[in-house]
Amino acid sequence: MEYTDYYAVLGVPKTADQAAIKAAYRALARKLHPDVNKDPAAGERFKKVNEANAVLGDPEKRAKYDRLGADWERLEQQPGFTPQRPAGRRGGRTQAHSDFFETFFGDGGLDLDELLRGGGRGGAFRPRGPRRGADIEETVDIDLEEAMSGGRRLLTLGERQVEVRIPAGVAEGSRVRVAGEGRPGVEGGAPGDIYLKVHLRPHPRFAVRGRAVSADVDVRDHQAVLGAAVRVAGPAGPLTVTVPAASQAGRTLRLRGKGIPGLGDAAPGDLLLTVRITVPPAPAAAERELYERLRELREGGSAAVDPSGA
């Protein structure tokens, strides 16, 4: 049976008053609510936070929890239960663990280690035998290039190093499972897994939202007016994009499927390029003459074209 530390779940000390518990719960609920946080792991944490608040937010339940532990409701239903709180600690265990087992089983009962191995009375606890090891959660920072094409990482966990593969198509908040590299199993049980939560580092050129990637594209003035095929640097390498005639500054060109690749059921993202019109910083004499003639034509000046050719 696994002990749940509700104080740790809410991130408050055991000496916290009810106001502090309420404030911690509200902050976590806003952060982890499924309508706000789409990470599957956040949904599980949200349930645990609600469970912790339901106990610690009620002074009477909190007192029972402090005395008996997270399983206090079931223990109260056991025959012969006596709500007496023994004092002190035993064997270096936490007070909550010690109170829980000493109150229910008394001094002549099984010790904590035996109970956790499955030696509880009446078959109420986990049976003996192999048990799977615990999972490990880590955050891994990756570059956009790794999200596009994947890569390999060497993680240091405690005293050992684990090489993991980052698949192409991961995005901010993605969870990568590394099977069998978690905590060792007990009594021959299978090891747990590693779950890597992906964080994308900022990129100097591209902005990323989900799997969509966006950037500016520089277009010369004549290309914006007449249209052109422009070579650009994409997140996965050079690309050619068609700039339609009469494109205005700020126009967005969408290249479907050229953002971060799809992963699992997720579709690939798009590459969004915003047109930024540029002019030559120092036009040649011939270019300057053409610009001057264009200005006169637009302003209706004396340089109107003579149909006779004179």
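The values are calculated or read from the model by the stated rules, or taken from the named source; none is laboratory data. Computed from a prediction, not measured in an experiment: that's the story for all the values here. Using ideal geometry, Cβ is built from the backbone for each residue, glycine included, and neighbour counts are taken over all protein chains shown. When the accessible area is computed, the model is the full protein with side chains, heavy atoms only, and any ligands, DNA or RNA have been set aside. Shrake-Rupley method; radii C 1.70, N 1.55, O 1.52, S 1.80 Å.
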*By the scheme Lys and Arg +1, Asp and Glu -1, what is the net charge of all other residues having a beta-carbon under 13 Å from that of L273?*
+4
*If you plug each phi of segment 249-255 into the Karplus form 6.51 cos²θ - 1.76 cosθ + 1.60 with θ = phi - 60°, what whole-Hz ³J(HN,Hα) values come out, in order, with x for Gly and Pro?*
4, x, 5, 9, 9, 9, 10
*How much net charge surrounds A41 when only the other residues with a Cβ under 9 Å from the Cβ of A41 are counted, with Lys and Arg +1 and Asp and Glu -1?*
0
*Calculate how many DSSP beta bridges within segment 166-277 are antiparallel, expressed in % of all such bridges and rounded to the nearest 5.*
70
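Arrange the residues R231, R298, R201 by how much accessible surface each exposes, largest first, with a 1.4 angstrom probe.
Values: R231 160, R298 180, R201 100 Å².
Descending accessible area places them as R298, R231, R201.
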*Work out from phi, with θ = phi - 60° and the Karplus expression 6.51 cos²θ - 1.76 cosθ + 1.60, the ³J(HN,Hα) of each residue of segment 267-278, listed in order in whole Hz, and give x for Gly and Pro.*
7, x, x, 9, 9, 10, 10, 9, 5, 10, 7, 10
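How much net charge surrounds L239 when only the other residues with a Cβ under 10 Å from the Cβ of L239 are counted, with Lys and Arg +1 and Asp and Glu -1?
On the way: positive: R231, K258; negative: none.
Spelling it out: positives minus negatives among the neighbours equals +2.
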*Cut-off under 5 Å, modelled amide H: who pairs with T274 long-range*: A215, D216, V217, L253
*Go through segment 176-181 residue by residue and turn each phi into a ³J(HN,Hα) via Karplus (6.51, -1.76, 1.60, θ = phi - 60°); whole Hz please, and just put x for glycine and proline.*
9, 8, 10, 5, x, 10
*Over segment 127-226, calculate the relative contact order: mean separation of alpha carbon pairs under 8 Å at least 6 apart, over the residue count, as a percent.*
33
*Enter the accessible area of E292 (Å², nearest 10), with the probe set to 1.4 Å and all protein chains included.*
70
